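The values are calculated or read from the model by the stated rules, or taken from the named source; none is laboratory data. Only a predicted model underlies this, so the values are computations on that prediction, with no experimental measurement involved. Positions of Cβ are backbone-derived with ideal geometry, glycine not excepted, and every protein chain shown enters the neighbour counts. When the accessible area is computed, the model is the full protein with side chains, heavy atoms only, and any ligands, DNA or RNA have been set aside. Shrake-Rupley method; radii C 1.70, N 1.55, O 1.52, S 1.80 Å.
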Amino acid sequence: MAQETLRPTSQVRVPARRSPFADLGSWTIFAVVLLAGWEIGSRLYNQPYLLPAPSQIIRAMGEDYALVLDYARITMQETVLGFVLGAVAALLSAMLFVWLPKTIEDFLYRIIVTLNSTPFVALASLAVVWFGLGITSKIIIAGMYTFFAVLYHTHKEFISVDPMREYLMDVYNAGWLQRMLLLKIPSALPIIFTSLKGGVMAAVNGAIVGELFGAFEGLGYMILDSRYVGNTVRVFLAAVFCTLIGWVLLGVVTFAERLLLPWHVSMARGKSS
Amino acid sequence: MSAIVEMERISKAYEVARTPGLLGRRGADRALDVVTNFTLAVRQGEFVCVIGPSGCGKTTVLFLLAGIRDPSDGRIAVCGKAPADAVRVGLSSVIFQQPILFEWLTAEDNVLLPLRLRDPRWWWWPPRRARYQETVRQLLRTVELEQFARYYPDKLSGGMQQRVAIARALTLNPQVLLLDEPFGALDEITRDRMNLELLRLYDERELTILFVTHSIEEAVFLSDRVVVMSRGASARTGSSIVREVRVDLPRPRRLALKEDPAFFQKVREGRAALREAQVAD
């Protein structure tokens, strides 16, 4: 009956997969144009206290690289630990919410909505009061930022699985954990990853905010300290490193997404069937 | 021969309008009787089709038999058990309108799913794992998809996806197969092929089949008996069932049967019954 046959791809013209470096050229041009524009603008303006030129930032980097790299390492550490903590806590909470009876779920959810509508900055300053000026308070703040970024979407995805799929799991007598592992988590994964990407950025923010509220090291401390002494160049330098941390971590999450979601439509672009 | 599927005076009503209330207190405003006074007994090895206009409760009947919904009234048994229990132990099995494959699992893992759910520790015991995988391979061979075992569902055509769903439904070796317009979304030719395929499985595995469709030709071609439903209760019978058409055409059935005058006669009978169902509505 079946007439479908398979043949080796060598016999078929398959559109080539897009190289991940295909955009490298256009990105380089974009960066060069942007940096050149900034450089020229800042030299014409000639107020390094307000707008330092990229070349000045690079020079500052050359002078202070040991300190900057050390601070970047500390902030990175806080961000990564906070992100992992927040993401795991958010995923577990979302699972817990599905498991709990409706009334308790609603109750907990209201608490979380309340916390989320409290200004994060207020919560962050509290965290510094409670957990001290060390790395712990920053990890907790970064974790908190991530937690809220990830929780909502994940929970929403868990409870809005296609009812027919739920029926299918009913029909095959699936237990709670099986339903979670075999249906809810895989079908929520694309959204979970999207929210993790947002969560990574939020974690960087959280770590910096934590450092602004009181620290002796880290990029946030550097921003605050340099601003006090009027060293705008170093503020820029710290900001550039924050961005770099964000990019690196975003890259890691995107890479993990590629590994874990080969079946997902947004990953299949450029592949041919 | 005793009945393997029994529905006695089954009624099912859904709440259709709800008044939103404070603090979660909500009242049901109106109920819609979808199935009324539905009595059906299916013998072991019988192939019964249920047809009717859309919205007449065909799918509801199937959902009741699959234990997905509970009847408002009446008695229902599949293989002498409550429908939900029968489906859970694998005595009966459902195939839905859509294949409902999990796109993160390959075709073979989709077919493996029922075994995996029944036996959560399957992975740790290699001989059992091998046996399961052999079962899956055989099932995929039955639906002629063995070379697509490692394909993800989005790389398969609609007909192939539905074949994977059929293989999955057969994994626990059920006696009763419940199908809800499974080939409704397929083109004519693929549909004919799938019908023949289903009849082959029906013969080979000595299944009892309850098949919901809206196509009279398909119903007559496949079944021993066509149950025609109307939307709401029929005035004449006082039930959702307007008429039953017995299809005593010889088996095995081939596509040539569709050119046979006897076939046309049965289709005409079915169409007349369906017209009566529309009038009752």
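Side notes on the structure shown:
- Selected residue (criterion: nearest to A:ALA87 (Cα to Cα)) from residues of the stretch A:150-189 that are hydroxyl-bearing (Ser, Thr, Tyr) and facing chain B (nearest Cβ under 7 Å): A:TYR167
- Selected residue (criterion: nearest to A:PHE131 (Cα to Cα)) from residues of the stretch A:81-96 that are touching a Leu at 6+ places or on another chain (Cβ under 8 Å) and surrounded by 20 or more Cβ atoms within 10 Å (Cβ to Cβ): A:PHE83
The rows are residues; the columns are (1) loosely packed, with under 13 Cβ neighbours inside 10 Å; (2) under 20 Å from A:ARG227 (Cα atoms); (3) out of contact with any Asp or Glu (no Cβ under 8 Å at 6 or more places or on another chain).
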{"residue": "A:ASP23", "(1), (2), (3)": "yes, no, yes"}
{"residue": "A:ILE29", "(1), (2), (3)": "yes, no, yes"}
{"residue": "A:ARG43", "(1), (2), (3)": "no, no, yes"}
{"residue": "A:PRO48", "(1), (2), (3)": "no, yes, yes"}
{"residue": "A:LEU51", "(1), (2), (3)": "no, yes, yes"}
{"residue": "A:ALA60", "(1), (2), (3)": "no, yes, yes"}
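- Residue within the stretch B:238-259 that is among the polar types (S, T, N, Q) and open to solvent by 20 Å² or more (accessible area, probe 1.4 Å) present: no
- Boolean, B:VAL94 is within 11 Å of chain A (Cβ to nearest Cβ) and either open to solvent by 40 Å² or more (accessible area, probe 1.4 Å) or modelled with pLDDT under 90 (or both): no
- Residue match in the stretch A:63-72 (condition: within 14 Å of another protein chain (Cβ to nearest Cβ), open to solvent by less than 50 Å² (accessible area, probe 1.4 Å) and in a helix (DSSP H, G or I)): no
- B:SER239 meets the stated requirement of being in the same structural domain as B:ILE189 (by TED's automatic domain parsing) and modelled with pLDDT under 90.
- Among the residues of the stretch B:36-46, not a single one is surrounded by 19 or more Cβ atoms within 10 Å (Cβ to Cβ), within 11 Å of chain A (Cβ to nearest Cβ) and of a type in the set (S, T, N, Q).
- Criterion applied to B:GLU146, B:GLU204, B:GLU181 was being surrounded by fewer than 17 Cβ atoms within 10 Å (Cβ to Cβ), not basic (Lys, Arg) and not assigned by TED's automatic domain parsing to the domain that holds B:PRO114, and the one residue passing it is B:GLU204.
- Some residue of the stretch B:151-169 being charged (D, E, K, R), closer than 20 Å to B:LEU115 by Cα, surrounded by fewer than 20 Cβ atoms within 10 Å (Cβ to Cβ) and not assigned by TED's automatic domain parsing to the domain that holds B:THR213: no
- The stretch B:214-236, residues that are at pLDDT below 85 and open to solvent by less than 20 Å² (accessible area, probe 1.4 Å): B:SER234
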